[in-house]
Amino acid sequence: MTTKNLGDLQAMFAEALASPKSIAREGEWPTRGEASFTGSARLSPIEQLDVYREQFWLRHVACLAEDFPTLQAFVGEARFEAIVAGYLAAHPPVHFMLRHLGSDLARFLEASNDESLVVDIARVEWAFVEAFDAADAPPLDARAVAEIPEDAWSTARIILHPSLQRLRLAHPTHTMRAQHREKVPVVRPEEAATRVVVYRRDFLLYAEEMEALPFDMLERLAGGQPLGEAGDALADATGRREEVESRIGEWFTRWSALGWITRVDVSV
Amino acid sequence: MNSFRTRHGIPDLGVGVGFRPKHTHDVLDGGGSPHVSWYEVISENFMVAGGRPMDNLARLRERFTVVPHGVTMSIGAVEKLDTDYLARLKKLVRTLDPPYFTDHVCFCKASGLDLHDLLPMPYTKEAIEHLVPRIKRVQDTIEKPFALENVSSYLSYRSSEMPEHEFIAEIAERADCGILLDVNNVFVSAFNHGFDAERFIDGIPKDRVVQIHVAGHTDKGAYLLDTHSDHVRDEVWALYERAIRLTGPVATLIEWDDLIPTFNVLADEAARAKKHRDAALP
């Protein structure tokens, strides 16, 4: 056998495992199995390969069910499995960590023209996955903040906690996730433009719904805009300069208390 | 030449169990169990940036020896070794400073996909030629002794030219790596393929065995499935005693990854392992 042949055998696994349904009696698979595998006293050659195919699907469905439990509960097991089959066909696993398996599920559902509510459930649940093991960051050093010269604030960049996930949703689906976790009936919410921040503090995960104005400010800061520039741009975009200027201190205080702000960079 | 274990100063860690999130409180706050002297972690679960997993790992390492056990290195794949994977593994190994790290004789990647399973290699000379330099490269990169585990398998290749134990023995000798001998996997594969499990155990180079795994499996009727979801079967304990009698005192691990019981039940299984170990060793 050459490495090419080893490659052919391994490629055969990839092809076989991609089938959501048994290949034991499917097309040329029995013949192909016969050519490569011995079979056993109890399993034909292709039935041997089919064991791996079945395990592939059980493992990947279980992984996505673990990361998207509300979605699975909402759509039901049968539809969830159909979603997974379509998703894995379009986005087969290409990362060595199963943790990344669901990274494109919300986009896949959106591209499949699935109901926007379903897309929003997936987006919220994936945000929790991302927040769970995002990098750690020390809390904001109040003394360092107090020492920042007043004229440095306008060009300062606000560094947010790496776990912070910002979501613009068409439905408040974070409430569905909370209901599912609390094992109470999941209520289908009305469509409503919703802004949610998912974040981690002291290793616990939270979702906080936000007003449009502070959310937009947070988005600008997360995008790297200096504080003054972000405030000005927000004021210009919304025509609510007075409100922006009067509330920015309140936002900073609250976001710091929640652990969302970890550092103020005045080096620029 | 001194044995692999002697050359690398591989310690006998006693009996350990896999560290699972479900047991965090029992192990990190409750101090674990006197029957469990070390812990294994799945390497890939700790290749993340931060959060609770990394905090738990740091707390675990403060108290115990922790050995990383990989499941997706894909040492046998024809695809290139993943340098990102190796970099993350090296970082983890540096953090834990274990006596060695482990993975499986298998492939996980094919056609650009990560199949997330321990897929068996054909037992051929050519597969050995493919594996040996890759194992050496991994061992050189991580700068710690590397041990590879025999996997459970559900198929056998027509192209295989030798029994699995000869294949593993030759890989280990030529790559100069350690062996993680999983006796449950031997039992499962022996049933599935109709070979003699004791002959397998007897054929493994004993001086290279750095650790032994035991686990429960599931009888699917036409085959045994390595599920790590139950108590260790008596037949597997018998194989374990045979193995550790031959290897001498080496680390032993109870694997229980599905239908995970309470920590007390797992610790009782570790105590059972200790009894079998004591019975087998002089």
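The values are calculated or read from the model by the stated rules, or taken from the named source; none is laboratory data. Fair warning: this is a prediction, and the values are worked out from it, not measured in the lab. In this analysis, Cβ positions are derived from the backbone assuming ideal geometry, glycine residues included, and neighbour counts consider all displayed protein chains. SASA here: full protein model, heavy atoms, side chains in, ligands and nucleic acids out. Shrake-Rupley method; radii C 1.70, N 1.55, O 1.52, S 1.80 Å.
For segment B:235-254, a residue qualifies if it is of a type outside the set (A, V, I, L, M, F, W, C) and either closer than 20 Å to B:Ser3 by Cβ or surrounded by fewer than 24 Cβ atoms within 10 Å (Cβ to Cβ) (or both), and the qualifying residues are B:Glu235, B:Glu241, B:Arg242, B:Arg245, B:Thr247, B:Gly248, B:Pro249, B:Thr252. When segment B:263-281 is filtered for residues that are more than 10 Å from B:Val15 (Cβ to Cβ) and either at pLDDT below 95 or open to solvent by less than 80 Å² (accessible area, probe 1.4 Å) (or both), the ones remaining, listed by number, are B:Phe263, B:Val265, B:Leu266, B:Ala279, B:Ala280, B:Leu281. Taken over segment B:139-163, the criterion of being touching a residue at least 40 places away in the same chain (Cβ under 8 Å) and open to solvent by 20 Å² or more (accessible area, probe 1.4 Å) is satisfied by B:Thr141, B:Glu143, B:Lys144, B:Tyr154, B:Pro163.
Of the residues making up segment B:15-27, those that are open to solvent by 10 Å² or more (accessible area, probe 1.4 Å) and more than 15 Å from the chain's Cα centre (by Cα) number 6.
Taking the numbered list (1) free of Cβ contacts under 8 Å to residues at least 24 places away in the same chain; (2) part of a helix (DSSP H, G or I); (3) within 14 Å of chain B (Cβ to nearest Cβ) in turn, A:Val94 passes all entries but (2). Inclusion of A:Arg200 among residues that are modelled with pLDDT of 95 or more and either under 15 Å from A:Gly259 (Cβ atoms) or not in a helix (DSSP H, G or I) (or both) is warranted. When segment A:12-37 is limited to residues that are polar (S, T, N, Q) and surrounded by 16 or more Cβ atoms within 10 Å (Cβ to Cβ), the one that is farthest from the other protein chains (Cβ to nearest Cβ) turns out to be A:Ser19. Taking segment A:235-268 as the range and being under 23 Å from A:Arg200 (Cα atoms), of a type in the set (A, V, I, L, M, F, W, C) and surrounded by fewer than 18 Cβ atoms within 10 Å (Cβ to Cβ) as the test, the residues that pass are A:Ala257, A:Leu258. Among the residues of segment A:86-100, those that are open to solvent by 20 Å² or more (accessible area, probe 1.4 Å) and either in contact with a Cys (Cβ under 8 Å, 6 or more places away or on another chain) or under 20 Å from B:Cys108 (Cα atoms) (or both) comprise A:Ala89, A:Ala90, A:His91, A:Pro92, A:Val94, A:His95, A:Leu98, A:Arg99, A:His100. Being of a type in the set (Phe, Trp, Tyr), under 22 Å from A:Glu150 (Cβ atoms) and either assigned to a helix (DSSP H, G or I) or touching a Gly at 6+ places or on another chain (Cβ under 8 Å) (or both) is a property that holds for A:Phe252. In segment B:112-138, the residues that are within 7 Å of chain A (Cβ to nearest Cβ) form Cβ pairs under 6 Å with partners that are open to solvent by less than 30 Å² (accessible area, probe 1.4 Å) and hydrophobic (A, V, I, L, M, F, W, C), at six or more places apart or across chains, as follows: B:Leu113/A:Ala14; B:Asp114/A:Phe96; B:Leu115/A:Leu17; B:Leu115/B:Cys108; B:Leu119/A:Phe13; B:Leu119/B:Cys106; B:Leu119/B:Phe107; B:Ala127/B:Met121. It is to be established whether one or more residues within segment A:47-70 are open to solvent by 50 Å² or more (accessible area, probe 1.4 Å) and more than 13 Å from chain B (Cβ to nearest Cβ). Among the residues of segment A:47-70, not one is open to solvent by 50 Å² or more (accessible area, probe 1.4 Å) and more than 13 Å from chain B (Cβ to nearest Cβ), which makes the answer no.
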